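Reading through the structure tokens given below for one structure.
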Amino acid sequence: MTERMDMITNILHDSPIFQGGLALMITGWIGYTLRSIPSRIFQLARGACTRVIEVREHHPLYDAWLGLVTESAMRPGGPRTLEVRAIANEEYDQRAANSIFAAGHDRFWAWIENRLCRVTIMREDAAGRHDLMRKNMIRVEIIGGSRGDMLRMMREAKRRANVFEDRQVVDLCDKYGSRSTMNLPRRCPTTLCLPDGFFESIEERVTRFLSSRDEYERVGVPWRYGIMLHGKPGTGKTTIAHTLASRIGHRLAVIPLADLRSDEELVSSFDAVRDQSIVLIEDVDCAFRQRENAEAEGISFSGFLNCIDGVLAPHNGRILIMSTNHINKLDPALIRPGRIDARIEVPLLDRNAAIGYVDRLFPHITDRHEIVDEVMSTDAPTGAILINRIMQEDWRRTQSRIDDEVCTRETVTVRTDREVANRVQDRRWR
């Protein structure tokens, strides 16, 4: 064995091919190292002299950031790559939407808040996801920037987002993982035809939840909240969701289950929901096939449960509101505690609530109380019936005091996290 090893050693030692290959390998490694030194020095200097802001498409301020970097591009005519985006006109008429150009997938220089920035718009890292499921991301690299520069840019993006602060942003999340966005008027609680304290009790539960993230994580409970609104048609279930989103400053994301034909489309719809959104699913009792109809067309019951309370469900403070006119038709697994935290029946119209509603919003209609009596005499009086009936009157003949008195007195406020925390700090954990 020793003689054989010595023979191999002598062959390798005397072989010009081996010696030349070894020398070439060492020379190549030295050349590669020397060549990479400038790049490494540049990366170190770049990391020491720059600050980076990353904004993902799920973030509520993504559109504001996109507009900011697009308008700040230094290249004449804006970024090289532009995408067409639809917006409402100044009168908020969604039927007459305008098209604008915004930066697409590109790299360009921009001058933002008196700072030179390198902007990159790209797809976020795949992380095992299909390419169609990946969202866009804005990366702003601030040359010689500081934390103060970052804060100024964030304030400017927030200012842009608050241009429509009197509007409620509503996202329709479709089966392709895309969103159609609308700006609707915000709703004041005083415009609801509900018993005194009814909406306020729902709002109190939600604000308490939003301030309780640490407590949820401490006890190992997923930080998400589910509300089931049930009751007769026309009682105001959808309006409650709209008003709640207006009050806490969240977007309202609507997922139309009836338009979905597979669990894959369902996942795509949920994936389109941005952070800080209230997810609204209406008429949930008739939107998916039940367990015994596994071969029927549409989304499966198990697929739906996985999206709202499974591995796919987010833990980012998502608020899910589902509505139904027939709660008795729902599978008990859907409305069990843990999936639904608040099961709330929206009542039929109450006379005191009806009187308060017409006195607040239609004080100039002299026969408003007689209209209330007329509606209350029906078999199942609801707020929708009352509103439809009173709108048949010539209520425009005298200027309504809704804007001047009601909404001034009950100004819609967007609560910050600190304000929410201050409101519930004296409350004990449930």
Report task. Apply 1/(1 + (r/R0)^6) to the Cβ-Cβ distance of S201 and S262, taking R0 = 30 Å, and write down the FRET efficiency to the nearest 0.05. Result -> 0.20
Requested in this report: Filter the GluC sites (Glu not before Pro) in region 146-234 down to the DSSP loop ones having no more than 14 other Cβ atoms within 10 Å, then list what survives.
Outcome: E165
Query raised in the report: In terms of modelled amide H atoms, which long-range or inter-chain residues lie less than 5 Å from the amide H of L116?
Result: I143
Requested in this report: With r as the distance between the Cβ atoms of K329 and L82 and R0 = 51 Å, compute the FRET efficiency 1/(1 + (r/R0)^6) and round to 0.05.
Outcome: 0.55
Report task. Between E156 and D214, with labels modelled 7 Å along Cα→Cβ, what's the label distance in nm to one decimal, could you check? Result -> 3.4
Requested in this report: Using only Cα atoms, figure out Rg for region 219-292 and give it as a multiple of 2.2 N^0.38 Å.
Outcome: 1.23
**Report entry** Rounded FRET efficiency, nearest 0.05, which uses the C-beta distance separating R118 from Y32 and R0 of 22 Å
**Finding:** 0.25
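Given contacts defined as C-alpha pairs under 8 Å and at least six residues apart, what's the relative contact order of region 207-363, whole-number percent?
Value for region 207-363: 36 percent.
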**Report entry** All lysines inside 20 Å of K135 as judged from Cα atoms, apart from same-chain residues fewer than 8 positions distant
**Finding:** K175
Query raised in the report: Taking amide hydrogens as modeled 1.01 Å from N in the peptide plane, which residues meet the under 5 Å criterion relative to M74, leaving out close sequence neighbours?
Result: W109, A110, W111
Report summary line: Listed by chain and number, the residues whose amide H is under 5 Å from that of D275, excluding neighbours fewer than 5 places away on the same chain and using placed H, are H59
Report summary line: Rounded to the nearest whole number, the Stokes-Einstein translational diffusion coefficient of region 247-387 at 37 °C and 0.692 mPa s (Kirkwood radius, C-alpha pairs) in µm²/s is 185
Query raised in the report: How many nm separate the modelled label positions at D275 and E71, each set 7 Å beyond the Cα in the direction of the Cβ?
Result: 2.4
Query raised in the report: Under 17 Å from the Cα of K329, which lysines turn up, not counting those fewer than eight places away in the same chain?
Result: K232
Query raised in the report: How would H369, H250 line up by accessible area, probe 1.4 Å, largest first?
Result: H369, H250
Query - Rule-of-thumb Rg ratio for region 173-212 [Cα; 2.2 N^0.38 Å; N residues] - result: 1.69
Query - Relative contact order [Cα under 8 Å, 6+ residues apart], region 163-246, whole percent - result: 30
Report summary line: In region 207-285 the accessible area split gives carbon plus sulfur, as whole percent at 1.4 Å, a share of 44
Report summary line: A chain fully extended from C49 to D394 at 0.36 nm per residue, minus the present Cα-Cα distance, gains in nm 117.5 nm
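The values are calculated or read from the model by the stated rules, or taken from the named source; none is laboratory data. What you are looking at is a predicted structure, and each value in this text was computed from that prediction instead of being measured. Note: ideal-geometry Cβ built from the backbone for every residue, glycine included; neighbour counts use all protein chains shown. Side chains included, ligands, DNA and RNA excluded: accessible areas come from the protein's heavy atoms. Shrake-Rupley method; radii C 1.70, N 1.55, O 1.52, S 1.80 Å.
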